[in-house]
Amino acid sequence: MSQILDNHENIQNDKSVIMNIFTNYLESKYRTINSEIIIYKKMTACGMPQISAEANTELEIPITMEELRTAINKGKCRKTTGPDGICHEYYKQMWNCCKEDLLDVINNMFIDGPVTNDKKHGNIVCLPKACNPVSPVNYRPLTILNTDYKLHTRIFAYRLLPWMEDMLNPKQYCGRNGKSIFDAVAPVRDIIAYAETTDSFLCLLSIEFSDAFDKISHTFLFKILQEYGISEIFCQGLRNIYADATSTLVLNGHKSKPIKIQSGVRQGCPLSMMLFAACINPLLITLDKRLQGVKVSHPSTKTTAKAYADDITIVLRHEEIDEVRGILNDYMNASGANINEYKSCALALGTWPKSAPIMNIRYTENIKILGFQMNDNCQHSAEMSWTTPTSKIRAQSMENYHRH
């Protein structure tokens, strides 16, 4: 990285200055986020689902050799190593020699705790979000974690996954077995078709969160896990992972001082997607309870919103604008999340007037949901999402074929 803008919009090209700019930015990004307790109680009053006693029994038992072996087999090889320099291939190749010791280490982290600081320390690399980035904001920080840490959290994730179906609102398609982005997009397509054929008064509100995975209060995170009835033993295991965690920025061949990670879920951790889905769940439950929604696919099921992790689309009626604004504000105050109104957008359907203000969110002719382009016409949406891309792929394939 040869140059960057500082806080005064001046270009800096000294490597030590660039390192200081990024370090200060990340320290601010991961600082402690407070959760407003009164608003938190309001959000969780929506009726949080509870996991069963059977689930907690399964979550609490010591980690088995079979679970460890599965976690190793599922891990990807040829990945950059964490701060300890041990790669995933090492554990695969040396399995027979190290399995007993490794299981002891993993169980010690799970049962006895706390997890030592060096094991949960990570290296942060910053990837550009777009061409010609000029500011730290234009980079996406990714944490490279130690392999044994990822084995530990992968086992946590595998244990939690079977019970996510009991915890998550059906409108959340991430963190649930057998669900994909196609399941999340289908209800949106159906609502567009419904509004088109019935000339209904509807609007699709696509919400974009700023630094979604980084802007989660740890206080909120662990309170929410308790709301689901998850056992204290399992929750304490998760707290041990996050308590006093630090990362070091690796930039231009140099390392920064340790940066405290006091908020967010770590991108690069196998458990992060599930934890984020659990955190955003109260928002979806509240929307489901307080909005009218639309009944399309099944007469008894209404759709008020759909989500895949942080990608959220809300089905809005005109009289619900203030209600939705209030719900979103409550969620932000409780969780620490922050909506990017500039990147969020609204798609008017049927007879919805584009003059109707929705917070400071702009109306657009097309919205992108999980990579699919959509507008107020089903046929046009299909062409944008499927016909045009497949035609380009076909043309490129033919060109490559004729070259040979």
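Hey, with R₀ at 25 Å, roughly what FRET efficiency would Glu89 and Met65 work out to, going by the Cβ-Cβ distance, to 0.05?
E between Glu89 and Met65, to the nearest 0.05, is 0.80.
How much of the pair distance distribution for segment 110-193 lies past 23 Å, counting alpha-carbon pairs only, in percent?
Value for segment 110-193: 56 percent of Cα pairs lie more than 23 Å apart.
Set the Förster distance to 51 Å, then compute FRET efficiency between Cys97 and Thr351 from the Cβ-Cβ distance, nearest 0.05.
Given R0 = 51 Å and the Cβ-Cβ separation, E is 0.15.
Considering amide H positions built from the backbone, and no H for Pro or chain starts, which residues 5 or more places from Leu291, or on another chain, come under 5 Å of its amide H?
Hits under the 5 Å cutoff: none.
Past the 25 angstrom mark, what percentage of all C-alpha to C-alpha distances in segment 113-249 do you count?
The answer is 49 percent, as a whole percent.
For segment 8-127, what is one quarter of the convex hull surface built on the Cα atoms, given in nm²?
13.2 nm²
Using a simple spin-label model with points 7 Å from Cα along the Cα→Cβ vector, what separation in nm is obtained for Arg362 and Lys79?
Using points 7 Å along Cα→Cβ, the separation is 3.7 nm.
Mind listing the phi-derived Karplus ³J(HN,Hα) values for segment 328-337, rounded to whole Hz, using 6.51, -1.76 and 1.60 with θ = phi - 60°, and x for any glycine or proline?
5, 5, 4, 5, 5, 5, 7, 9, x, 5
Leaving ligands and nucleic acids out of the surface, order Tyr342, Tyr139, Tyr90 by accessible area at 1.4 Å, largest first.
Largest to smallest exposure gives the sequence Tyr342, Tyr90, Tyr139.
Quick one: ranking Glu89, Glu66 by accessible area, 1.4 Å probe, largest first, what do you get?
Output order, biggest surface exposure first: Glu66, Glu89.
Could you work out how far apart the two model spin labels at Val105 and Asn252 are, taking each label as a point 7 Å from the Cα in the direction of the beta carbon, and quote it in nm?
So the two model labels end up 3.4 nm from each other.
Please give me, ordered by residue number, the GluC sites (Glu not before Pro) of segment 308-400 that lie in loop per DSSP and have at most 11 other Cβ atoms within 10 Å.
When the GluC sites (Glu not before Pro) of segment 308-400 are filtered for loop state and at most 11 Cβ neighbours within 10 Å, Glu365 remain.
Report, in degrees rounded to the nearest 10, the 0 to 90 angle that the Cα long axis of helix 147-167 makes with the longest principal axis of the chain.
Orientation of helix 147-167: about 40 degrees from the principal axis.
Under 15 Å Cα to Cα from Lys171, which aspartates and glutamates show up? Leave out anything in the same chain fewer than 8 places away.
Asp183, Asp190, Asp288, Asp310, Asp311
Relative to the first principal axis of the alpha-carbon coordinates of the chain, what is the inclination of helix 65-74, with its axis defined by its Cα atoms, in degrees from 0 to 90 and to the nearest 10?
Long axis of 65-74 versus the principal axis of the chain: about 60 degrees.
Could you tell me the largest-minus-smallest coordinate of the C-alpha atoms of segment 227-337 on each of the three principal axes, in descending order and whole angstroms?
Principal-axis extents of segment 227-337 (Cα, largest first): 56, 37, 26 Å.
Keeping all protein chains in place, calculate the accessible area per residue for the chain (probe 1.4 angstrom), answer in Å².
Here the residues of the chain average 48 Å² of exposed surface.
Any idea what diffusion coefficient segment 308-404 gets from Stokes-Einstein, in µm²/s, Kirkwood Rh on alpha carbon pairs, 37 °C, 0.692 mPa s?
203 µm²/s
Where does each of 127-134, 274-281 land if you order them by average Cβ count within 10 Å, highest first?
Ranked by mean Cβ neighbours within 10 Å, highest first: 274-281, 127-134.
Give the carbon-plus-sulfur fraction of the accessible surface of the chain in %, rounded to a whole number; probe 1.4 Å, heavy atoms of protein chains only.
Carbon and sulfur: 50 percent of the exposed surface of the chain.
Using 0.36 nm per residue of separation minus the Cα-Cα distance, give me the extension gain between Glu54 and Met1 in nm, one decimal.
Gain on stretching Glu54 to Met1: 13.9 nm.
Using all C-alpha to C-alpha distances in segment 1-76, build P(r) with 10 Å bins and read off the rounded percent in each one.
Pair shares across the bins are 13, 18, 15, 26, 20, 8.
In Å, what is the Rg of the alpha-carbon atoms in the chain, and how long is Dmax?
Cα only, the chain: 23.1, 69 Å (Rg, Dmax).
Say the cut-off is 19 Å between C-alpha atoms; which of Lys15/Lys215; Lys223/Lys257; Lys306/Lys354; Lys92/Lys120; Lys15/Lys255 go over it?
The pairs that break the limit, which is 19 Å between Cα atoms, are Lys15/Lys215; Lys223/Lys257; Lys306/Lys354; Lys92/Lys120.
The values are calculated or read from the model by the stated rules, or taken from the named source; none is laboratory data. Not measured: the values here are computed from a predicted model. Glycine gets a Cβ as well: all are built from the backbone with ideal geometry, and neighbour counts include every protein chain shown. Only protein heavy atoms, including side chains, enter the accessible area calculation; ligands, DNA and RNA are left aside. Shrake-Rupley method; radii C 1.70, N 1.55, O 1.52, S 1.80 Å.
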